[in-house]
Structures are given as C-alpha cells and as structure tokens.
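Participant: Can you keep this structure in mind? I'll have questions shortly.
The values are calculated or read from the model by the stated rules, or taken from the named source; none is laboratory data. What you see is a predicted model; the values in this text were computed from it and never measured. Backbone-built Cβ (ideal geometry, glycine too); neighbour counts: all protein chains shown. Accessible surface is based on the protein model in full, side chains and every heavy atom, while ligands, DNA and RNA are left aside. Shrake-Rupley method; radii C 1.70, N 1.55, O 1.52, S 1.80 Å.
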Amino acid sequence: MDTLSAIAEPNRRKIIQLLAQRGNLTASEIARHFQSSGPAVSQHLQVLIETKAVFVTRQAQKRIYSLNPEPLQELSGWLFDLTNQWEQRLNKLDSMLSKEKRDSNSYK
C-alpha cells in the first residue's frame, strides 16, 4: 500500500495529525483519542509503519510511535505539481474564453 492509500482512511489521518501535533506517543496514548478498540488502532498503526509514514522504536516494553515526514513531503510535492498543472490548464481556458468573449463583443 502506498502513502496516499494509507492516509485515505480517516483514522489513519487522525493518527498522523496526533503525531504531528504532540510528537512521539505510545500506542495507548494514541488509542485514547479513538472510540475503536486498541487492536483496531494497532492495525492502523501497522499500516502506517508499512508505508513508512510512521516510525516505531522500543523503550523498555513500550513502543513509541513518531511521524516520518518524508513520505508526506513526497505526497505534498506530488499534490503541488498536480495543482500547478490544473492551474495552468484553467488559466489557458480562462484566456481562451476571455479572447472569445472579446471577439464576440467586437462583432456586435
């Protein structure tokens, strides 16, 4: 699964937001923010680990989760490029429509 697919799920986006806002958290600290079961939250964390959006480290018997910004930055770059492409297309369309409107007004 890729990063975009992983964060398409709302609970995973919420986990990413929590880690971005609060820094490193344990699974139980993350789970407190959800009404779903601990195992369900763990499954979401596992998907985020597999897509490398989240790192996990061990401190004694605790697992500490932290955000890996790199895949999100790659996604941000892709979205930026896509947005620029559409803006260019829409700007060309706007120019073409403006020219057409000027041309039609000149015939009146």
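Participant: Would you confirm, using the coordinates I've provided, whether ARG58 is part of a strand (DSSP E or B) and surrounded by fewer than 10 Cβ atoms within 10 Å (Cβ to Cβ)?
Facilitator: yes
Participant: Moving to a separate point now. Consider only pairs whose beta carbons are under 7 Å apart and that are at least six residues apart or on different chains; among these, list those whose first residue lies in the range 68-79 and is in a helix (DSSP H, G or I) and whose second residue is of a type in the set (A, V, I, L, M) and surrounded by 13 or more Cβ atoms within 10 Å (Cβ to Cβ).
Facilitator: PRO71/ALA53; LEU72/ALA53; LEU75/LEU4
Participant: Of the residues SER76, SER66, which single one is polar (S, T, N, Q) and in contact with a Gly (Cβ under 9 Å, 6 or more places away or on another chain)?
Facilitator: Working: SER76 fails: in contact with a Gly (Cβ under 9 Å, 6 or more places away or on another chain).
Only one candidate qualifies: SER66.
Participant: Given the criteria open to solvent by 100 Å² or more (accessible area, probe 1.4 Å) and under 22 Å from LEU4 (Cα atoms), does GLU100 qualify? Please lay out each step first, then the result.
Facilitator: Numbers: open to solvent by 100 Å² or more (accessible area, probe 1.4 Å): yes; under 22 Å from LEU4 (Cα atoms): no.
It is false that GLU100 is open to solvent by 100 Å² or more (accessible area, probe 1.4 Å) and under 22 Å from LEU4 (Cα atoms).
Participant: For the subset of the range 66-88 comprising residues that are more than 29 Å from ARG22 (Cα to Cα) and of a type in the set (A, V, I, L, M, F, W, C), which member is least open to solvent (accessible area, probe 1.4 Å)?
Facilitator: LEU82
Participant: Give the number of residues within the range 37-55 that are open to solvent by 80 Å² or more (accessible area, probe 1.4 Å) and touching a Ser or Thr at 6+ places or on another chain (Cβ under 7 Å).
Facilitator: Final tally of qualifying residues: 1.
Participant: In the range 23-55, what residues are hydrophobic (A, V, I, L, M, F, W, C) and part of a loop (DSSP other than H, G, I, E, B)?
Facilitator: If the condition is that a residue be hydrophobic (A, V, I, L, M, F, W, C) and part of a loop (DSSP other than H, G, I, E, B), then PHE34, ALA53 are the ones that fit.
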